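To start, the structure itself, in structure tokens.
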Amino acid sequence: MKILFLTPQYLPHIGGVEKHLSQVIVHLPLEYSVTIVTARNTNADLEHEKIGRADVWRLPTQTKKSIWSWLTHHLFLLRDADVIHIHDVFFWILPFRLLFFWKRMYMTFHGYEAPGPVTLKYILWHQCAELCTDGNICVGSFHQNVYDVEPTAITYGGVTHTEKVKKRKTHSIIFVGRLDEDTGILWYMKALLLLQLQGETYHLDIFGDGPLKKTLEKYSTEYHLDITLHGAVADVDHRFASYDIAFASQYLSIMQALSAGTQVIAFADSEIKHEYLHSAPFSFWISIASSVQGIVDAVQDKDDFAEEPIVNWARGETWKKVSDHYLQVWNT
């Protein structure tokens, strides 16, 4: 079986989609051959290389015209694939769908439109992708309510098993993710300042990068917050167990924190973010805040967190289980 994945980014770039796909590939049967077409992240990225068991090809630029031109010149990648599986970037394959009408094509819908409200354009893109493919995997059930997509399978990602530590850092918080508006990082910072003004000092370790990095550095310096910016770090899963609290608004970070017995406080400032979080099966085990004061209240109520049931559930959500979803969808 020859599998071709189309994805906006892949390793060594760090991100949720990249981690999801790399872990799925690890758990596919060894007799499957894997090819990936992705975007070039930096000028240093090679156009063609082997990463693990995957044959990785990179597009030189990301405009529609250049993507379609590149794929036209590399048509053998589409021609030779038994299964073509697209991660979000359905428009990449659109001109070739009729040309390869007999090919088995599938979608994984990952994130949501952010920041701001959902637009008709993105709703139509989701529905077009569903209509033109043979099945799909939705990362989260919110796709059904927000984009009116009927999922073939639903997943929330997987967790990496790590050993629980005997002693956690007191008054310690971890944030893992993109430093951008939709992850709530600015609101978490404001909550730390409010806690500090109330005489409660918490240390925050931030693992991630993004457009708000300089803003966070300036804010931290100006208000003398106890914060360490570590940048994007590839292997952070084992770190969650060392912290009392995780500021997390994305599925992978939430589930990894819960599997470590760490309390999760998630910030939701929009209708779609509320749907994203409240529709998840772990919503009853996390604190979902809609304001700075809500974050502060959740931090101060951390002793109410019931650990054992959610840890057991989260640890059962393995990457092998996620990979099995792909096999089931391809064989439906």
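The values are calculated or read from the model by the stated rules, or taken from the named source; none is laboratory data. Bear in mind the structure is a predicted one, so any value in this text is a computation, not a measurement. Ideal geometry is used to build each Cβ from the backbone, glycine not excepted, and the neighbour counts take in all protein chains shown. These area figures cover heavy atoms from the full protein model, side chains too; ligands, DNA and RNA do not enter into them. Shrake-Rupley method; radii C 1.70, N 1.55, O 1.52, S 1.80 Å.
Here are some notes:
- In this structure, Ile185 does not qualify as free of Cβ contacts under 8 Å to residues at least 40 places away in the same chain and under 23 Å from Ser270 (Cα atoms).
Quick grid of which residues meet (1) modelled with pLDDT of 95 or more; (2) out of contact with any Gly (no Cβ under 9 Å at 6 or more places or on another chain); (3) among the polar types (S, T, N, Q):
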site: Ala248; (1), (2), (3): yes, no, no
site: Ala260; (1), (2), (3): no, yes, no
site: Ala266; (1), (2), (3): yes, no, no
site: Lys273; (1), (2), (3): no, no, no
site: Ile288; (1), (2), (3): yes, no, no
site: Glu308; (1), (2), (3): no, no, no
site: Val322; (1), (2), (3): yes, no, no
site: His325; (1), (2), (3): yes, yes, no
site: Trp330; (1), (2), (3): yes, no, no
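- Residues of the range 309-332 classified as in contact (Cβ under 8 Å) with a residue 12 or more places away in the chain and open to solvent by 80 Å² or more (accessible area, probe 1.4 Å), total: 4
- Taken over the range 25-56, the criterion of being of a type in the set (S, T, N, Q), out of contact with any His (no Cβ under 8 Å at 6 or more places or on another chain) and either modelled with pLDDT under 95 or not in a strand (DSSP E or B) (or both) is satisfied by Thr42, Asn43.
- Residue ID - farthest from Gly210 (Cα to Cα), chosen from residues in the range 1-54 that are open to solvent by less than 40 Å² (accessible area, probe 1.4 Å) and among the charged types (D, E, K, R): Asp45
- Number of residues in the range 257-272 that are under 16 Å from Thr183 (Cα atoms) and either buried (at least 24 other Cβ atoms within 10 Å of the Cβ) or among the aliphatic types (A, V, I, L, M) (or both) equals 7.
- Looking only at the range 30-57, residues that are free of Cβ contacts under 8 Å to residues at least 24 places away in the same chain and not small (Gly, Ala, Ser) come to 12 in all.
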